[in-house]
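A short worksheet on the structure shown next.
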Amino acid sequence: MLLGLRGVGKTVLLNALHDDAKTKGFETLKIEVPDSAGGHLARLLVPGLSIVLRRLNHVAAAEEKLRLAGAALRNFASIFRVEYEGFSFGATPSTPDGSSGDLEADLPEVLRLVCEAAAARGRAIGIFIDEVQYLSEKELSALARSLHEAAQSGFRLIVVGAGLPQIAALIGDAKSYAERLLLFPEVGPLSPEAARKALHDPIERQGEQAEEGALDEIVCATQGYAYFLQTWGKFAWDEADGSPITRLDVQRALPSILNYLDESFFRVRFDRCTQAEQRYLRGMAELGPGPHRTGDIAQVLGVSSSQVAPVRKRLIDLGMIYSQRHGETAFTVPLFDQFMKRAIPVLEPHLPRRRTGA
Ligand SMILES: Nc1ncnc2c1ncn2[C@@H]1O[C@H](COP(=O)(O)OP(=O)(O)OP(=O)(O)O)[C@@H](O)[C@H]1O
Ligand SMILES: [Mg+2]
């Protein structure tokens, strides 16, 4: 489970791992979980699993294990009300055999059968899931249990996920043994050396140059975050008249960079929040980049922690903020505090609901 803030390169890494798995002969599927509350996993997995079975079918003639897996997947789809037009052999059994309607029981079973069908052709199954934090606890638990059973009964399944840092806690809640089954490498900002390299190498490949000072300026402004390096690099390149790209070019590009980021990267997230949620985020920004003590945020807003608890909860569900440690709150988007101060320059004092007098 690759864990990290927005724009650090999780999806890029997930895709690289996915490509790697394919070249190593894994049968793979890759899904991205949408950000509306839970209930997606079955719907997202069925089409990919169906394609996997179809591909296996091309590897050799259909045989017993593949037939079993096909029937199981079709049952699974019908139980979880997922449309299934995919792979099947023969008639649909009239009663779903062995399916319970409980994802935590049924998912491991259907994955076991798919893995066994794959194993019969010398293949293993790899499932790649982006935005894992949007899965429900039940879905995470079903995945954890599938991995547990794979480890116990020796069927060859890997699950690689990517998402916001709160997954670690969510999965911990879902199943205590998940921590033994999964690794949680943290994807963070690049080191200053790596950030310089990420800028320098592509420039050099084009036969151009950048001043050391220009690179320093970018590394400092981006704090090494991949998405920002990409953006600063592009705008500095566009700003420069020729080689070398100078520190002044980078400075001149700054207004366009901030404008672009505000519109494309920050604003879309900000606009999805209600006024109360925006106010909460603005209160956090007042305290700086964070993480902040949840009580301190309430204090800045002039309310008690319990008064803003529902707002905070929704912001966590939206993936705007997260809590790594109990009582702490942090932005999931790097540099979001600076954006919030641009978006709402002044934090208005809290207005009590009930007013007295005229
Ligand atoms: N290793 C890298 N070297 C250079 N640029 C990178 C690297 N990884 C990511 N980037 C740049 O950062 C951008 C964001 O990466 P990516 O989409 O993988 O982030 P993410 O962590 O998945 O973000 P989100 O949480 O918003 O989905 C990429 O489009 C790319 O421009
Ligand atoms: Mg991503």
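The values are calculated or read from the model by the stated rules, or taken from the named source; none is laboratory data. Quantities reported herein were computed from a predicted structural model and do not represent experimental measurements. As a convention, Cβ positions derive from the backbone with ideal geometry for all residues, glycine included, and neighbour counts pool all protein chains shown. Just so you know, the surface numbers come from the protein's heavy atoms only, side chains and all, with ligands and any DNA or RNA stripped out. Shrake-Rupley method; radii C 1.70, N 1.55, O 1.52, S 1.80 Å.
Of these, SER78, SER50, which one is away from ligand 2 (no atom under 16 Å from the Cβ), open to solvent by 40 Å² or more (accessible area, probe 1.4 Å) and within 28 Å of LYS138 (Cβ to Cβ)?
Only one candidate passes the filter, namely SER78.
Do you know which of the residues in the range 142-166 that are among the polar types (S, T, N, Q) and closer than 18 Å to ASP106 by Cα is most open to solvent (accessible area, probe 1.4 Å)?
This residue is GLN152.
I'm told VAL8 meets every condition in (1) assigned to a loop (DSSP other than H, G, I, E, B); (2) at pLDDT 90 or above; (3) open to solvent by 50 Å² or more (accessible area, probe 1.4 Å) except one. Can you identify the failing condition by its number?
(3)
Is the range 163-172 home to any residue that is without any contact (Cβ under 8 Å) to a residue 24 or more places away in the chain and within 30 Å of SER146 (Cβ to Cβ)?
Yes, that holds for at least one residue.
If you check GLU139 against the conditions, is it under 13 Å from GLU27 (Cα atoms), touching a residue at least 40 places away in the same chain (Cβ under 8 Å) and among the charged types (D, E, K, R)?
No: the conditions fail for GLU139.
I'm checking my understanding of the structure. Among residues of the range 11-34 that are part of a loop (DSSP other than H, G, I, E, B) and exposed (fewer than 13 other Cβ atoms within 10 Å of the Cβ), which one is farthest from ligand 1 (Cβ to nearest atom)?
Checking each candidate, the answer is GLY25.
Filter the range 121-140 for residues that are in a helix (DSSP H, G or I) and not aliphatic (A, V, I, L, M); which is nearest to ligand 1 (Cβ to nearest atom)?
Only one residue tops the list, namely GLN133.
Based on this model, can you work out whether THR231 counts as buried (at least 19 other Cβ atoms within 10 Å of the Cβ) and among the polar types (S, T, N, Q)?
yes
Among the hydrophobic types (A, V, I, L, M, F, W, C), within 23 Å of ALA169 (Cβ to Cβ) and away from ligand 1 (no atom under 16 Å from the Cβ): does that describe LEU49?
no
Pick out the one residue from GLN206, GLN223 that is open to solvent by 70 Å² or more (accessible area, probe 1.4 Å), more than 25 Å from THR332 (Cα to Cα) and not hydrophobic (A, V, I, L, M, F, W, C).
Among GLN206, GLN223, only GLN206 is open to solvent by 70 Å² or more (accessible area, probe 1.4 Å), more than 25 Å from THR332 (Cα to Cα) and not hydrophobic (A, V, I, L, M, F, W, C).
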